[in-house]
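Novice: Here it is, the structure, as structure tokens.
Every number in this text was worked out from the coordinates using simple rules, so none of it is lab data. Since this is a predicted model, take the numbers as computed values, not measurements. Ideal geometry is used to build each Cβ from the backbone, glycine not excepted, and the neighbour counts take in all protein chains shown.
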Amino acid sequence: MITTGQGKNGIINILGIESSCDETAASVVRNGREMLSNVIASQIDTHTLYGGVVPEIASRKHIEVIVQVVREALKEADVSIKDIDAIGVTMGPGLVGPLLVGVSYAKAYAYGLGLPLIGVNHIEGHICANYIENKELEPPFMCLIVSGGHTHLVNVKDYGEYEILGRTMDDAAGEAFDKVARAIGLGYPGGPKIDKASKEGNPEAVMFPRSRIEGDEYDFSFSGLKSAVLNYLNSCDMKGEEYKREDIAASFQAAVVDVLLDNSMRAVEKYGVKTFALAGGVASNTALRKAFEDACRDRGIKLYRPSPVLCTDNGAMIASAAYYAFSRGKVSSLDLNAKANLRLGETV
């Protein structure tokens with residue numbers, strides 16, 4: 001077995017496996033920063049039929065494709081399994097069925113080949129996606145992680161060392177996008193569809209609420225905003241008033257972006273942050289990226305954000321996170337289990 005934290009000739013190749021929701025992904029990343037491959041098998045077409053992710057169906061789809069996805073990742077990277085120094089896998093948070101598929105496969109792979117196994121927190125993976133395209137990025141920095149299941153504002157103090165400043169108290173931003181998109185007839189997945197529709201709408205057409213949590217200045221809440229949109233639509237229907245769904249999309253999106261930006265910039269000013277990063281699926285939203293680009297430029301803050309393909313769930317971010325854990329000598333045992341509600345920084 002390879003000694004923990006060491007590679008061959010200073011090179012550490014990590015195979016990263018991700019299956020926390022509806023994408024089966026695998027990637028080979030060298031020394032935490034160089035992405036040699038990135039293979040993603042999406043289930044969007046399947047779950048679109050149901051208006052959202054069906055966990056049991058997602059689990060079955062992961063089982064069907066995970067072997068081929070890993071093989072393709074190795075092939076695309078032009079490496080053999082003998083060149084792999086460790087295997088990183090998402091252990092949580094996420095849907096427990098899909099998580100178990102990835103964890104079980106990674107454990108069997110690691111055991112059969114005598115490779116170290118590293119369980120990775122999915123949220124930490126999103127943060128680490130920024131390291132892949134931005135070689136100069138080093139902690140400390142502040143990061144906003146915005147996805148379908150998570151909304152976190154995090155102080156990244158060092159590799160693997162995180163201080164959670166704020167999190168959503170109810171719906172995640174991406175979850176609200178999906179629910180509102182469904183309500184106005186755009187369908188699933190909601191984030192990209194609202195982003196596209198909003199470009200044809202007026203963000204000031206409807207002034208939806210900007211929620212703040214009293215006593216927790218950096219926490220988020222989006223359930224009230226979601227309810228406000230649904231109530232507005234119901235009111236229009238009851239009164240026989242017409243509305244333009246592009247205007248609803250743009251107005252809703254503006255409210256989400258305002259809250260995310262406002263909380264983040266208040267934290268930036270209080271903590272004297274000079275480097276900020278975005279992460280997660282919603283970080284590919286064009287209005288969000290533009291708002292943060294403008295705000296950070298005005299404040300002299302360096303902004304980092306992954307390309308859209310690395311904002312969504314992928315194996316490269318898991319491999320990167322696993323590399324930094326492996327470099328610190330952190331390896332999981334073969335009794336590693338999935339944990340659907342795993343918190344950032346939690347040790348298991």
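Novice: Between M207 and K135, what FRET efficiency follows from the Cβ-Cβ distance if R0 is 45 Å, with the result rounded to 0.05?
Specialist: 0.60
Novice: Say each of E200 and Y271 gets a label point 7 Å from the Cα, pointing the same way as Cα to Cβ; how far apart are those two points in nm?
Specialist: Here the answer is 4.0 nm between the modelled labels.
Novice: Mind checking the angle between helix 223-239 and the chain's longest principal axis? C-alpha axes, 0 to 90 degrees, to the nearest 10.
Specialist: The helix 223-239 is inclined about 40 degrees to the chain.
Novice: Calculate, in nm to one decimal, what S235 and S42 gain on full extension: separation in residues at 0.36 nm each, minus their alpha carbon distance.
Specialist: 65.8 nm
Novice: Kindly express, to the nearest 10 degrees and within the range 0 to 90, the angle between helix 173-183's C-alpha long axis and the longest C-alpha principal axis of the chain.
Specialist: The angle comes out near 50 degrees.
Novice: Next up: DSSP loop (so not H, G, I, E, B), at most 10 other Cβ within 10 Å: list which GluC sites (Glu not before Pro) in segment 105-171 pass both filters.
Specialist: E136
Novice: Measure nothing but the geometry: give the 0 to 90° angle between the long axis through the Cα atoms of 122-133 and the longest principal axis through the Cα atoms of the chain, rounded to 10°.
Specialist: 80 degrees
Novice: Each label point is 7 Å from the Cα along the Cα-to-Cβ direction; what then is the distance between the points at E346 and I11, in nm?
Specialist: Going by the 7 Å Cα→Cβ label model, 3.8 nm.
Novice: As a test of the formula, what do you get for the chain when each DSSP H run with n ≥ 4 contributes -39,500 (n - 2.57) and the sum is divided by the residue count, at 222 nm and rounded to the nearest 500 deg cm²/dmol?
Specialist: When only DSSP H runs of four or more count, the value is -14000 deg cm²/dmol.
Novice: Still on this model: Take every Cα-Cα distance within segment 87-206, group them into 5 Å bins from 0 onward, and report for each bin the whole-number percent of pairs it holds.
Specialist: 2, 9, 14, 15, 16, 16, 13, 8, 4, 1, 1, 0
Novice: Oh, and also: With only alpha-carbon atoms in the gyration tensor, what are the semi-axes of the equivalent ellipsoid for segment 226-285, in Å, largest first?
Specialist: 34, 12, 8
Novice: Return, ordered by residue number, the residues of segment 123-141 whose backbone nitrogen is under 15 Å from a label point located 7 Å along Cα→Cβ of V65.
Specialist: none
Novice: Quick one: putting +1 on the C-beta of Lys and Arg, -1 on the C-beta of Asp and Glu, what dipole do you get for segment 139-307 around its Cα centre, in Debye to the nearest 20?
Specialist: Magnitude of the dipole: close to 440 debye.
Novice: Between A108 and Y50, what is 0.36 nm times their sequence separation minus the Cα-Cα distance? Round to one decimal in nm.
Specialist: Gain on extension, A108 to Y50, equals 17.6 nm.
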